[in-house]
Structures are given as structure tokens and as C-alpha cells.
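Colleague: Pasting a structure here, questions to come.
The values are calculated or read from the model by the stated rules, or taken from the named source; none is laboratory data. Since the structure is predicted, the reported quantities are computational estimates derived from the model, not experimental observations. As a convention, Cβ positions derive from the backbone with ideal geometry for all residues, glycine included, and neighbour counts pool all protein chains shown. Calculation scope for accessible area: heavy atoms of the full protein, side chains included, ligands and nucleic acids excluded. Shrake-Rupley method; radii C 1.70, N 1.55, O 1.52, S 1.80 Å.
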Amino acid sequence: MATNKFFKSLLFTLTIAISVFGFSVENSFAYPVFAQQNYSNPRAANGKLACANCHLNQKAIEIEAPQGVLPNSVFEVEIKVPYDLSRKQIAANGKPAGLNVGGILILPKGFKLASKNQISEEVKAKNKGVFISPYSTEFDNILVVGPIAGKKHQELIFPVVAPDPAKDPDVKYLTYPFYAGGNRGRGQVYPTGEKSNINAFGATQAGQITNITTGEKGESQITIVNSEGNSTSQTLSAGLQLLVKQGDIVKQDQPLNIDPNVGGFGQEESEIVLQDSARILGYLAFCFCLLLTQIFLVIKKKQYEKVQAAELNF
């Protein structure tokens with residue numbers, strides 16, 4: 001347990017350092033490591049991934065992976081996180097910024113991230129500036145990446161090495177399900193439960209807006225007076241576009257600003273077959289024998305027809 005906590009803390013520090021100094025992440029404030037610290041297993045019993053607890057909007061993703069793999073083979077699982085590159089999100093400081101992306105891949109037990117010397121040069125070039133790490137020491141079959149600049153990385157490539165049933169008795173030659181999630185943009189909820197500025201904020205009470213002021217940092221201060229003369233004041237973060245103006249009558253929970261969320265999280269699942277090379281060879285041999293038998297039957301049929309034709313002529 002202590003080792004696992006140390007690993008998570010080390011991973012958190014390393015992820016932050018890489019994001020700030022090495023991988024040019026534009027205004028990224030949503031890290032998979034937050035999920036790592038709060039969820040021992042990122043996939044709930046109902047199949048929901050932990051990322052969806054903070055990224056509330058749903059957006060589609062795509063998975064590309066081989067249908068079958070051999071033991072000890074290295075293959076790629078690609079998660080596509082498409083979005084309109086012209087769209088901008090609001091950073092925590094209220095300024096517009098490009099969207100960041102992240103992904104999670106939950107593989108069957110025994111499947112792991114390929115080591116550096118197992119990855120091809122082509123994949124290394126595609127993954128330049130991308131840091132993929134295991135979710136934890138307990139779940140090294142779960143891989144996470146991000147946040148990274150979405151402008152360059154709408155396709156997240158995970159190099160994976162398949163297990164060998166001959167070395168691991170818990171692994172069998174079977175069809176295994178795997179799960180993937182991908183996100184673009186910042187989340188709507190922080191791990192503490194607080195809302196981020198990527199939300200539509202509603203009026204705390206019904207009444208008339210009597211005053212709207214703008215602070216030094218661009219935040220909007222909205223004063224609402226209800227029918228009984230009680231006044232409440234709300235502060236909306238900088239960068240949010242207001243839907244209301246001074247003098248408007250609003251209902252309780254009526255949105256005061258346009259929803260700024262342009263991102264979202266999506267998850268998909270697929271299957272992969274761990275194949276036995278001996279079974280494949282056996283199947284090919286069977287197909288060859290079957291084909292050969294069919295050919296001999298056709299030849300025999302032709303010979304029989306010739307014999308019959310000769311007897312009739314005689």
C-alpha cells in the first residue's frame with residue numbers, strides 16, 4: 001500500500017513536470033492523475049469510467065485495434081479523439097486556449113505497455129511529446145495519457161505487448177474485451193467537487209438584475225433583487241459570455257451565461273483475440289487438406305464422366 005501511494009505521488013510529480021517543461025501542453029488543467037489518486041479502479045461496476053465524473057459532456061471517440069494478436073507480439077491500439085480545431089476553450093484564467101486531449105485504455109490482464117526498445121521508430125515519431133504511463137502498480141494493464149495539445153494529437157497511439165500463456169498460467173487463448181476513453185477540453189467539475197469555469201451558471205434567486213459590474217480580472221459581478229427586496233450577488237469568472245443584462249427579470253436557476261463547454265468525454269469497448277500460432281497452423285493445414293480433397297473429388301468426377309462417355313460410344 002505504501003509503495004502504491006509512493007508510485008502515485010511520483011507519477012503525479014512526473015506528469016506535472018513533463019506537462020510544464022517537456023510537452024508544450026496549452027493551458028491544461030485536467031490531469032488523469034487526479035483520477036488515479038481518487039479511484040483505485042477507474043472503471044466502475046456499471047462500466048462508467050472515472051473521467052466521466054469530471055467531464056460531463058459526451059463526445060464520440062473511435063478505436064482502431066487488431067482483431068487478433070500472437071503471444072509476445074507488439075501491436076498498436078489507437079484512440080481517435082476528433083474535434084473541430086477552430087474551437088477554443090476557456091482556460092482557468094478566462095482567456096481562450098486550444099483544447100487539450102487525454103485518453104485511457106483498459107486492457108485485459110497480462111497486456112502491458114510495450115517497452116521503449118519494443119516500439120518501432122514510426123510509432124516513436126508519432127508519439128513524440130506523448131507520455132503514456134500505467135494507471136498504478138496494481139493495474140499495469142490500464143494505461144493513461146494526457147493532457148496533451150489536441151491540435152497535434154487527435155490520434156492517441158498506445159503500443160501494447162501481448163502476454164504469453166506459456167509463461168503466465170492466468171492468461172488463456174481467449175477473446176478478451178477491452179475498454180477505451182478519450183477526452184477533449186477541460187472538465188466541468190474539479191476532483192474536490194467544485195465547478196470549474198466551464199459551466200453555465202444559474203441565478204441563485206428569482207428577481208430583477210439591478211447591477212452588472214466587471215472586475216479588474218474580467219470577472220462579472222451580478223446583483224439580483226427579489227420581490228421582497230432581498231439582494232444577492234453572484235460572481236461569474238472572466239471569459240464567460242453573459243446572456244442577461246441590467247434590468248432583466250430572471251427565474252431561479254435560469255442560466256446567466258452561455259455554456260462555454262466545447263469539449264467532452266467518450267468511451268467505447270471492443271474485443272481482441274489472443275491467438276495460438278499452433279492453432280493457426282493447424283487451421284491452415286486443415287483448410288489445405290480440405291481444398292486438396294475437393295480438387296481430387298473434381299478430378300475423380302471428370303475421370304468418371306470420361307469413362308461413362310467411352311462406354312456409351314462403345
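Colleague: Ignoring ligands, DNA and RNA, how do 209, 280 rank by accessible area with a 1.4 Å probe, largest first?
Modeller: 280, 209
Colleague: Hey, another quick one. Note down the accessible area of residue 51, probe 1.4 Å, to the nearest 10 Å².
Modeller: 40
Colleague: Take every Cα pair under 8 Å in the chain that's 6+ residues apart, average their separations, divide by the length, and report that relative contact order as a whole percent.
Modeller: Once normalised by length, the contact order is 22 percent.
Colleague: Please calculate how many Å² of accessible area segment 64-183 carries per residue, with a 1.4 Å probe and no DNA, RNA or ligand atoms counted.
Modeller: 47
Colleague: Accessible area of segment 215-276 with a 1.4 Å probe: how many percent of it is carbon plus sulfur? Please list the in-between numbers first.
Modeller: On the way: 1460 of 3590 Å².
So the carbon and sulfur contribution to the accessible surface is 41 percent.
Colleague: Separate question: Students sometimes get this wrong: rank 131, 139 by accessible area, probe 1.4 Å, all chains present, largest first.
Modeller: Putting 131, 139 in descending order of accessible area: 131, 139.
Colleague: Same structure again: Quickly estimate the mean residue ellipticity at 222 nm for the chain, helices only: each DSSP H run with n ≥ 4 gives -39500 (n - 2.57), and the total goes over all residues, rounded to 500. If you can, show how the numbers build up before the last one.
Modeller: Working: 4 runs with 66 residues, N = 314.
Mean residue ellipticity, 222 nm, calculated: -7000 deg cm²/dmol.
Colleague: Report, by chain and number, residues whose modeled amide H sits under 5 Å from the one on residue 206, excluding near sequence neighbours (fewer than 5 apart, same chain).
Modeller: Under 5 Å from the amide H of residue 206 lie the amide H atoms of 252, each far enough along the sequence or on another chain.
Colleague: Applying the Karplus parametrisation 6.51 cos²θ - 1.76 cosθ + 1.60 with θ = phi - 60° to the phi angles of segment 70-80, what ³J(HN,Hα) value in whole Hz is obtained for each residue in order, glycine and proline being reported as x?
Modeller: The phi angles translate into 9, x, 6, 7, 9, 9, 10, 10, 10, 10, 9 Hz.
Colleague: Could you tell me how many degrees, from 0 to 90 and to the nearest 10, lie between the Cα long axis of helix 277-313 and the main elongation axis, the longest principal axis, of the Cα atoms of the chain?
Modeller: Compared with the principal axis, the helix lies near 40 degrees.
Colleague: Can you give the accessible area of residue 43 in Å² (nearest 10), computed on protein heavy atoms with a 1.4 Å probe?
Modeller: Here the residue's solvent-accessible area equals roughly 80 Å².
Colleague: For P(r) over Cα pairs in 20 Å bins from 0, in percent, which listed value, (i) 23, 46, 20, 8, 2, 0; (ii) 26, 41, 20, 9, 4, 1, 0; (iii) 30, 55, 15, 0, comes from the coordinates shown?
Modeller: Step by step, P(r) over Cα pairs in 20 Å bins from 0, in percent for this structure corresponds to label (ii).
Colleague: Only loop residues by DSSP count here, and only those with at most 10 other Cβ atoms within 10 Å; note down the GluC sites (Glu not before Pro) in segment 176-224 that meet that.
Modeller: Values: sites: 194, 216, 219; in loops: 194, 216, 219.
Listed in order of number, the matching sites are 194, 216.
Colleague: If I take R0 = 35 Å and measure r between the Cβ atoms of residue 85 and residue 194 in this structure, what FRET efficiency does the formula 1/(1 + (r/R0)^6) give, to the nearest 0.05?
Modeller: Taking R0 as 35 Å, the efficiency between residue 85 and residue 194 is 0.75.
Colleague: Sequence gap at least 6, Cα distance under 8 Å: using those rules, report the relative contact order of segment 193-270 to the nearest whole percent.
Modeller: That works out to 37 percent.
Colleague: Can you tell me the length gained on complete extension of the stretch residue 219 to residue 277, counting 0.36 nm per residue apart and subtracting the Cα distance?
Modeller: 14.5 nm
Colleague: Let me ask you something else. What FRET efficiency comes out for the pair residue 252/residue 176, r = Cβ-Cβ distance, R0 = 45 Å, nearest 0.05? The partial results should precede the final answer.
Modeller: Working: r = 50 Å, r/R0 = 1.12.
Plugging the Cβ-Cβ distance into 1/(1 + (r/R0)^6) gives 0.35.
Colleague: Heavy atoms of the protein only, probe of 1.4 Å, neighbouring chains included. What is the accessible area of residue 153 in Å², nearest 10?
Modeller: 20
Colleague: What FRET efficiency comes out for residue 121 versus residue 62 if R0 is 22 angstrom and r is the Cβ-Cβ distance? Round to the nearest 0.05.
Modeller: For residue 121 and residue 62, the calculated efficiency is 0.30.
Colleague: Here's a follow-up. Hey, what does the equivalent ellipsoid look like for segment 135-249, semi-axes from the Cα gyration tensor as sqrt of 5 times each eigenvalue, largest first, whole Å?
Modeller: Whole-Å semi-axes of the equivalent ellipsoid: 52, 16, 11.
Colleague: Same structure, new question: How much length, in nm to one decimal, is gained on full extension between residue 245 and residue 210, taken as 0.36 nm per residue of separation minus their Cα-Cα distance? Before the final figure, lay out the partial values.
Modeller: Values: separation 35, 0.36 × 35 = 12.60 nm, distance 0.90 nm.
The residue 245-residue 210 span can extend by a further 11.7 nm.
Colleague: Let me ask another. Helix 2-17 sits at what angle to the longest principal axis of the chain, using alpha carbons and giving 0 to 90 degrees rounded to 10?
Modeller: 70
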